[in-house]
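Visitor: Here you go, one structure.
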Amino acid sequence: MVAVFPCHPQPWDMFMYNSRQALLFVLPALLLYVAFVAVPILQVAAYSLFSWDNGSIKAFSGLGNYQRLTSDGVFWTALGHNAIWAVLTLCFPLMIGLVLASILAERSPRTIRLMSALYFLPRTIPLVVAGIIWGWIYNPIFGLLNYVLDLIGLGSLGGAWLAESGSALLSLNAAGAWTFYGFCVLIYLSAIQSIDPSLYEAASLDGAGWGQRFRFITVPLLKSTTLFLGLYAAIEAMRFFDLVWVTTQGGPGYDTEVLTTHIYKTFFLVGDFGYAAALSVVLLAIVLTIGGLSYRILSQS
Amino acid sequence: MATVSFEGTRKAFGAHEVLKGVSLDVADGEFVILVGPSGCGKSTLLRMLAGLEQATGGDIRIDGKSVIGIAPKERDIAMVFQTYALYPHMTVAENMGFSLRLAKAPKAEADQRISAAATLLNLDTLLDRYPKQLSGGQRQRVAMGRAIVRDPKVFLFDEPLSNLDAKLRVQMRAEIKALHQRLRTTSIYVTHDQVEAMTMADRIVVMNGGIIEQVGTPLDLYDSPANLFVAGFIGSPSMNFFDGKLERQDAIVMFRANGGFALPITVEAAGSAREGQAVVYGVRPEHIDFTGSDSSGDFAPVVSVVEPMGSETLILADHPGGKMTVSYRGRGVFNPGDRLPLTIDASRIHLFDRASGRNLRYSGQH
Ligand SMILES: Nc1ncnc2c1ncn2[C@@H]1O[C@H](COP(=O)(O)OP(=O)(O)OP(=O)(O)O)[C@@H](O)[C@H]1O
Ligand SMILES: [Mg+2]
């Protein structure tokens, strides 16, 4: 140190010294990142500029693959399904999570530990396994759901949940909600527990009942948590795959098709590498946009 | 406006009994201050009245009606918390108007009440700010404003000034007192601060270990402490205590300290005490005078520390049985090591039974 700065180090020297040193520390991670993330992404982006035939490049096509998007009905259907999925996730698991967390927060520490573990359990099950479980539940012949509906005399409501075009996406989304709400409960719970309890006491003295405390204290004070979960859910809704693939693979028809299944099929089944790459780039752009947005919003609040 | 009474009120957290039967009547419009060492149950008592804790025994009445089992929001009580508990996502005006909004008060009336309270508390220019944009004193005022706007039956304060600096505390103390003189709302106020208790209270309740030791006006407690605990707790600097026993000398009963010296007493102070009884002799630092002369028989401790306070001088001194404090109204020249010949105003002293701690002056009255 003394050798490097014989007199008082200037701020700029110090900065250069520090940032050079910092660079040295992050270099290994940076190299790995470039090799395994940046390069493949650039590769995919490059592939999307060519037309392919059976796994080999045929010709440079510029933005031709992107032009095809506009006339690809399946792409727009899939995108719509992703959007519906995002909205449903924002509505149900988030709200259920918020309400359950506020109820749970007032229980004893033991109940809180036990119940939050229970709620979180579905989240720990691999999505593939969750898909298989829900495939069974929804099975029209020996599935649990139809059986229960029969038991309570609502057998006429039963059906082939994942095979009928009216119910397939919603049924899948219910399964998705089951895997996600516990995460929301946990995140909300820890946020609620960090709210000063005397705010609730002051509110009850001010005349607020449970519902009013929830509405006027809990909900507004959890705004940034909701924002975080919402953006997280939106990104998840764009990139989820496993659940659909092990249950419906996008069917019936295109009723549960989402971007990832469309990409998968285009790549592996059709072998249209160029178009699959273009779809991937679009998906990446959407996710990055949401990510960037969330970073902006969350760092502001 | 309301009366409040606790009748044998008890509170236990599990097996830990925090309040062991507290009985207290607060008159309509009275300003009562609860004092006592940390953990004696002051906050618990307040929170039980507010309905934030459930009593495990006895009764609590507001205006004669039992409030046991009644939800906080039905009790019409406002509380100023030590941490103020302002809603961080609401402006000052919204904080103050929250209760009115919940009660669905007409907008015009709500605005009028908010601005009246704001004027009273000098908050007019701050109505649009958020709590985090306020200073400690301003937050404190908003917390008071939130209580005032409601015009509740009872105000509760749990150490509302303890987060303020000394100067602001003195100012707010005066403001709260003035406010009470204006509004005359029954108030119960918890504090650690001697001076707050003495200057603000109509009556002071001294609590210790979950029971009430004594209730009285500030001067009552100062002049006639019921027991050793109250005597030591009220008054600053604290009363001096000497251990010893009563002794007869030529038909005169006097106090003989364990340190060997004798101190004068009065018949009234001794009450029903018997000769030879083990007692504690108490005298306040301000009730001790200096004798000019120094004859060897006098009570003369040795100065150890001198604390000039400006208007008075506090002298910490050693005597054969321990340490004591003397307050001298003026600026004498005292040096550590000096002998300090003292006379004690026997009419102001207290004698306490060593075993029970009770003030012997009043022990005959039961
Ligand atoms: N929720 C609770 N659970 C268990 N014990 C409690 C609870 N609240 C208070 N206590 C206990 O009750 C006793 C009295 O507490 P309280 O807060 O009333 O004291 P306090 O007189 O207000 O003290 P301080 O002057 O420090 O505020 C303490 O021993 C405390 O540990
Ligand atoms: Mg307290």
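No value in this document is a laboratory result; all are computed from the given coordinates. Computed from a predicted structure; not experimentally measured. Please note: Cβ atoms are built from the backbone with ideal geometry, for glycine as well, and neighbour counts cover all protein chains shown.
Visitor: Å³ per residue of the Cα convex hull, for the protein assembly as shown?
Guide: 293 Å³
Visitor: Straight-line reach from A:LYS265: which lysines fall under 16 Å, measuring Cα to Cα and dropping same-chain residues less than 8 apart?
Guide: A:LYS265 reaches no qualifying lysines.
Visitor: Hey, got the average number of other protein chain Cβ atoms within 10 angstrom for residues in B:65-76?
Guide: Taking all residues of B:65-76 together, the mean is 2.
Visitor: Here's a follow-up. What is the sum of charges, Lys and Arg at +1 and Asp and Glu at -1, for the other residues whose Cβ falls under 14 Å from the Cβ of B:PRO88?
Guide: It works out to a net charge of +3.
Visitor: Taking the Cα centre of each part, how many Å lie between region B:92-150 and region A:66-122?
Guide: Using only Cα atoms, the two centres lie 39 Å from each other.
Visitor: Please list, by residue number, everything in region A:273-301 whose backbone N is under 11 Å from a paramagnetic label point 7 Å out along Cα→Cβ of A:ALA45.
Guide: Residues A:281, A:285 fall inside that zone.
Visitor: Counting helices only, and only those DSSP H runs with n ≥ 4, report the 222 nm mean residue ellipticity of the protein assembly as shown as the sum of -39,500 (n - 2.57) divided by its residues, in deg cm²/dmol to the nearest 500.
Guide: -14000 deg cm²/dmol
Visitor: Starting from the Cα of B:ILE70, move 7 Å in the Cα-to-Cβ direction to define the label point; list residues of region A:200-231 whose amide nitrogen is under 16 Å from there.
Guide: A:205-208
Visitor: Between A:LEU144 and B:GLU109, what FRET efficiency comes out of the Förster formula 1/(1 + (r/R0)^6) with R0 = 56 Å and r the beta carbon distance, rounded to 0.05?
Guide: That pair, B:GLU109 with A:LEU144, gives E of 0.45.
Visitor: Here is a follow-up. Using a basic spin-label model with each label point 7 Å from the Cα along Cα→Cβ, how many nm lie between B:TYR362 and A:ILE132?
Guide: If labels sit at B:TYR362 and A:ILE132, their model points lie 8.0 nm apart.
Visitor: Over region B:4-232, one equal point on each Cα, no solvent: what is log10 I(q)/I(0) by the Debye formula at q = 0.16 Å⁻¹?
Guide: -1.14
Visitor: Within the set B:LYS11/B:LYS167; B:LYS11/B:LYS323; B:LYS42/B:LYS73; A:LYS223/B:LYS104; B:LYS20/B:LYS245; B:LYS104/B:LYS153, which residue pairs have Cα atoms separated by over 29 Å?
Guide: Over 29 Å apart, Cα to Cα: B:LYS11/B:LYS167; B:LYS11/B:LYS323; B:LYS20/B:LYS245.
Visitor: Here's another thing I want to ask about it. Once each part is reduced to its C-alpha centroid, what is the distance from region B:197-253 to region A:137-167 in angstrom?
Guide: When both Cα centres are located, 80 Å separates them.
Visitor: Please work out the FRET efficiency for the pair B:ARG184 and B:ARG331, using the Cβ-Cβ distance as r and a Förster radius of 51 Å; give the result to the nearest 0.05.
Guide: 0.75
Visitor: Compute the label zone of B:ASP318 within region B:337-363: residues whose backbone N is under 20 Å from the point 7 Å along Cα-to-Cβ.
Guide: Taking a point 7 Å out along Cα→Cβ of B:ASP318, the residues of region B:337-363 whose backbone N falls under 20 Å are B:337-342.
Visitor: Sticking with this one: Among the helices of chain A (complete DSSP H runs), which have Cα atoms covering no less than 30 Å along the helix axis and a Kyte-Doolittle mean of at least 1.6?
Guide: Flagged H segments are A:73-104.
Visitor: Rounded to the nearest 0.05, what FRET efficiency is calculated for A:LEU151 and A:VAL219 with R0 set to 25 Å and r the Cβ-Cβ distance?
Guide: Between A:LEU151 and A:VAL219 the formula returns 0.10.
Visitor: Around A:GLU236, under 15 Å between beta carbons, what's the net of Lys plus Arg minus Asp minus Glu among the other residues?
Guide: +1
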